[in-house]
Amino acid sequence: MANNWNIPSWLEKEVRERDKVCVYCGCEFTSPKVSTKSSASWEHIINDAKIITRENISLCCRGCNASKGQKKLSEWLKTKYCLERNITPDTVAPIIKLAIRNGEQSMIEKESKKQKAYQVVAHNSGGCAPSA
Ligand SMILES: [Zn+2]
């Protein structure tokens, strides 16, 4: 799983430890050799690559990521893909529930203000390599 999103290693490590299964459908991640669809991929909960925070970066399976695409979370949850798989605001991971509860727009505003604080943390955590 390549990290092409400029996600700092401290955050990558944190998210990998938190999101052991798909944050949307809950499937266990597999090696892409076993199944591409259930292999892990980086997900921006809010589709904004500039929001690189622990609240916006998560891991979901490629199947969910491809289906969600550029849709807003609230819109995607109403699609056939989610209905067929029983993916609802109640079944998703806590980090996704938080995003739904906070409202997507207000989260964008809040997180962009927090960015500076997170960068300070990044400097303090040193350059430890992701454990994957
Ligand atoms: Zn999934």
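The values are calculated or read from the model by the stated rules, or taken from the named source; none is laboratory data. What you see is a predicted model, and the numbers here were worked out from it, not measured in a lab. Glycine gets a Cβ as well: all are built from the backbone with ideal geometry, and neighbour counts include every protein chain shown. Protein only, heavy atoms only, side chains kept; ligands, DNA and RNA dropped before computing areas. Shrake-Rupley method; radii C 1.70, N 1.55, O 1.52, S 1.80 Å.
Quick check: with the 1.4 Å probe, what order do 76, 5, 10 take by accessible area, largest first?
Greatest to least solvent exposure: 5, 10, 76.
Going 7 Å from the Cα of residue 98 in the Cα-to-Cβ direction, what parts of the stretch 32-64 have a backbone nitrogen less than 14 Å from that spot?
Correct set: 45-46, 52-59.
Rounded, prolate or oblate: pick one for the stretch 19-86, where a ≥ b ≥ c are the square roots of the eigenvalues of its C-alpha gyration tensor, a/c under 1.5 means rounded, and failing that, prolate if a/b is larger than b/c, else oblate.
It comes out oblate by the Cα gyration axes.
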